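A.B. asks: Starting off with a structure, shown below.
The values are calculated or read from the model by the stated rules, or taken from the named source; none is laboratory data. Bear in mind that the values here come from a model prediction, so they are computed numbers and not experimental data. As a convention, Cβ positions derive from the backbone with ideal geometry for all residues, glycine included, and neighbour counts pool all protein chains shown. Remember, those area values only see protein heavy atoms, side chains included, never the ligands or the DNA or RNA. Shrake-Rupley method; radii C 1.70, N 1.55, O 1.52, S 1.80 Å.
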Amino acid sequence: HGDPDGDKGRARSSLAAQSGEGLSSRDQPASSGGGEMRMTKETESRHGNVDTTAPGSEAELAAFVADSFRQKRKLHVCGGGTRNRAAVAADTVLTTREIGGIVSYEPGELTLIARAGTSVDEIEQLLATEGQSLAFEPMDHRVLLTTDGTPTIGGMVGANVSGPRRIQAGACRDHLLG
């Protein structure tokens, strides 16, 4: 890992980008989401009465998904809770809300690496400090779907959420590297 600036200008694998591999400690976000995995009983109406698991890192998330696959456990993956629950029965709600934070931002290179649970608002605020924005103008569906929660970058990418500039600037996934 050596030189803290050694990664600048080089592409890294998406797994390395998600994990922060190759970044010096000064490049790590203050809230790295590296806590313990939490399992709670969800009583909110949007999830019914099912177990909710909130891994604190990408490694915990991968291990939980692999274990769920082996046990044939049905998962409902949830980020910030802005979408209505799918009409599919699930044994466990898996949320990425604990895996948040901006890993790296280089305004001059127009590149940003963020974890799945990072709020879109946090990203937009950071970009605004440099006079930048998300070119595809992601739509906030909460009013339309009458839901609450916090839109996350993982949900935005997963659903390819894009606004009116999509026609000219391209959709969300058109702007991803890795």
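A.B. asks: Taking the stretch 125-136 only, how many residues are open to solvent by less than 70 Å² (accessible area, probe 1.4 Å) and either small (Gly, Ala, Ser) or assigned to a loop (DSSP other than H, G, I, E, B) (or both)?
C.D. replies: 5
A.B. asks: Can you name the number of the only condition in (1) within 26 Å of PRO138 (Cα to Cα); (2) at pLDDT 70 or above that ALA66 fails?
C.D. replies: For ALA66, the exception is condition (1).
A.B. asks: Scanning the stretch 140-157 for residues that are over 13 Å from LEU112 (Cβ atoms) and touching a strand residue (DSSP E or B) at 6+ places or on another chain (Cβ under 8 Å), which turns out most open to solvent (accessible area, probe 1.4 Å)?
C.D. replies: Among them, the one singled out is THR150.
A.B. asks: Let me ask something additional. Return the total of residues in the stretch 53-91 being assigned to a loop (DSSP other than H, G, I, E, B) and either open to solvent by less than 60 Å² (accessible area, probe 1.4 Å) or among the polar types (S, T, N, Q) (or both).
C.D. replies: Qualifying residue count for the region: 12.
A.B. asks: Oh, and also: Among the candidates LEU112, LEU94, single out the residue that is hydrophobic (A, V, I, L, M, F, W, C), under 26 Å from LEU61 (Cα atoms), open to solvent by 40 Å² or more (accessible area, probe 1.4 Å) and in a strand (DSSP E or B).
C.D. replies: Every option except LEU112 fails the conditions.
Each row is one residue, and each column tells you yes or no for (1) part of a helix (DSSP H, G or I); (2) surrounded by 14 or more Cβ atoms within 10 Å (Cβ to Cβ); (3) touching a Cys at 6+ places or on another chain (Cβ under 8 Å).
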position: GLU122; (1), (2), (3): yes, yes, no
position: PRO138; (1), (2), (3): no, yes, yes
position: ILE167; (1), (2), (3): yes, no, no
position: ASP174; (1), (2), (3): yes, no, no
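A.B. asks: Just give me the residues in the stretch 32-63 being at pLDDT below 75 and closer than 12 Å to THR95 by Cβ, in sequence order.
C.D. replies: GLY33, MET37, ARG38, MET39, THR40, GLU42, GLU44, ARG46, HIS47
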